Amino acid sequence: MIASGTEPRTDTFREKILRKCAESVEMKQKFFTQYAAELEAMAREMARRFAAGKKLLVMGNGGSLCDALHFSVEFTHPIIEKRAAFPVIPLMTDVATMTAIGNDVDYSRVFVNQLRVLGQAGDMALAVSTSGRSPNLIYALEEARKHDILAIAWAGKDGGRFPEVADFCFIVPSYSVHRIQEVHATLVHVAWDLIHIALGAEDVI
């Protein structure tokens, strides 16, 4: 449905394809240019903690859940030969635990309650969201910082509350959920690669 007062686009399908691709590329270039220094700092800190035997807890809702899971599998089952595997625990895959907490307590507690049990000082927690406003992620990041767990947040739009509750916060400057998720998908690979490079791996991607 076209919003009231909005004229429908008249470009051809080919033009639509090229326009959307150009928007995606432009947004990625803008994001990674803006956050290059912070991404290096995050990668080096995560590398240091992985090398010290610490683990990463990841979480997200909906499509962002999928991005968090993608990040998880890159570490637990590295596709590039000779790259080390590291422990990552997704907090979204234990359906029994999630539904128990959601039913008995509240859905806003599904991640924080698990983090309290599974997280330890020195670990890392990553929350992925297009808005940065999901209560279940905000509560988990707040709890992480109370227990010396590195709080990392990936968001979009204006970042929501994520900048207040994260040690590292990366905000895609777009209000398009699609452009935000496209940048997050690229960030999965870039961050994974940088962490391994920080640990001495060859730059082969």
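The values are calculated or read from the model by the stated rules, or taken from the named source; none is laboratory data. Please read these numbers as outputs of a predicted model, since none were measured by experiment. Note that each Cβ is placed from the backbone with ideal geometry, even for glycine, and that neighbours are counted across all protein chains shown.
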Assess whether A36 counts as being under 16 Å from E182 (Cβ atoms), of a type in the set (A, V, I, L, M, F, W, C) and in a helix (DSSP H, G or I). no
Of the residues in segment 13-58, those that are of a type in the set (G, A, S) and under 17 Å from the mean Cα position of the chain (by Cα) come to A36, A41, A43, A47
Exactly one of R48, R109 is among the charged types (D, E, K, R), touching a helix residue (DSSP H, G or I) at 6+ places or on another chain (Cβ under 6 Å) and either modelled with pLDDT of 95 or more or under 16 Å from A151 (Cβ atoms) (or both), and that one is R109
Discussion item. Suppose the filter is in contact (Cβ under 8 Å) with a residue 60 or more places away in the chain and in contact with a helix residue (DSSP H, G or I) (Cβ under 8 Å, 6 or more places away or on another chain); does I171 pass it?
Written reply: no
Here the residues within segment 100-111 that are surrounded by 13 or more Cβ atoms within 10 Å (Cβ to Cβ) and either in a loop (DSSP other than H, G, I, E, B) or of a type in the set (D, E, K, R) (or both) are D106, R109, V110, F111
Exactly one of T97, T93 is among the β-branched types (V, I, T), free of Cβ contacts under 8 Å to residues at least 40 places away in the same chain and in a loop (DSSP other than H, G, I, E, B), and that one is T93
Restricting segment 125-142 to residues that are of a type in the set (A, V, I, L, M) and farther than 14 Å from Q181 by Cβ, the one surrounded by the most Cβ atoms within 10 Å (Cβ to Cβ) turns out to be L137
In segment 68-90, anything assigned to a loop (DSSP other than H, G, I, E, B) and surrounded by 16 or more Cβ atoms within 10 Å (Cβ to Cβ) is listed as P78, R83, F86
